[in-house]
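The values are calculated or read from the model by the stated rules, or taken from the named source; none is laboratory data. Just so you know, these numbers come straight off a predicted model, no measurement behind them. Cβ placement follows ideal geometry from the backbone for every residue including glycine, while neighbour counts extend to all protein chains displayed.
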Amino acid sequence: MENLIKKAAKDLAKSKKVVVLTGAGVSVESGIPPFRGKGGIWEKIDPMEFAHIDSFMRDPAKVWNILIREMKDVIEKAKPNNAHIGLARLEELGILKSVITQNVDGLHQLAGNTDVIEFHGTFAFQRCLKCEKKIETSKVCLDEIPPKCECGGILRPDCVLFGEMIPPEHLFRSGKISRECEVMLVVGTSAVVYPASIIPVDAKESGAKIIEINPEKTPLTENISDYIIMGNAGEVLKEIVSEVELLL
């Protein structure tokens, strides 16, 4: 693994246009459970019953009590880990230009990344169904369920629920920067959720080098990734950034 970390550091150090795609594997080290897979939220609750827009519109109080209240608590306690901090450092060094994340926790921004495309929106903010005003989730009072905006409208997470489309501007810009980058880091994502899963494919087909960081192989590993560094995101990125700093 040490040789691959040095190789990744060299590839990053000589590039000025790096983009990263991150998934749940980046945030689990901050105590945020994944939605899919072993130990994921969808093992405990049915997403069609508690995370579908139709379910929310039918009974927002039920969805708030079962899913959103718990997520609010988890996200408020979470802090950026070494993966988030490492990616923010790569931006400081002028190497990393943009983060495309499937995560909805806002931890990339908290760590210091300034250009973050939240592909699935964010749980860090709630949006009023009536006036569209956005309110930080940490500032939402739960004395009343569902909580309401000052205009009287019901608050909902500012993220993409099942049954909703990915915001077109996120799709467009993610595609654009992935086709323009020289190197793409793919970190902590299983690469099975469409359309985020095609982002590294677009980058590869446009000539980018794909460096994958995951604890196990994914559908990208054999045909899309140039190489994979197998390990936890925080540990691997911390080592890569240390190596990059030695090269600059």
Q: Give the residue that is surrounded by the most Cβ atoms within 10 Å (Cβ to Cβ), with candidates limited to residues of the range 191-221 that are of a type in the set (Asp, Glu) and not in a loop (DSSP other than H, G, I, E, B).
A: Glu212
Q) Just checking, which of Ile85, Ile75, Ile100 is assigned to a strand (DSSP E or B) and either among the small types (Gly, Ala, Ser) or closer than 24 Å to Ala191 by Cα (or both)? A) Ile100
Q) If we scan the range 236-243, do we find a residue that is part of a loop (DSSP other than H, G, I, E, B), surrounded by fewer than 22 Cβ atoms within 10 Å (Cβ to Cβ) and modelled with pLDDT of 95 or more? A) no
Q.
Looking only at the range 196-245, filter to residues that are over 18 Å from the mean Cα position of the chain (by Cα) and among the hydroxyl-bearing types (Ser, Thr, Tyr); which one of those is farthest from Ile95 (Cα to Cα)?
A. Thr221
(Q) With the structure loaded, tell me whether Ser190 is of a type in the set (Gly, Ala, Ser) and touching a residue at least 24 places away in the same chain (Cβ under 8 Å) or whether it fails that test. (A) yes
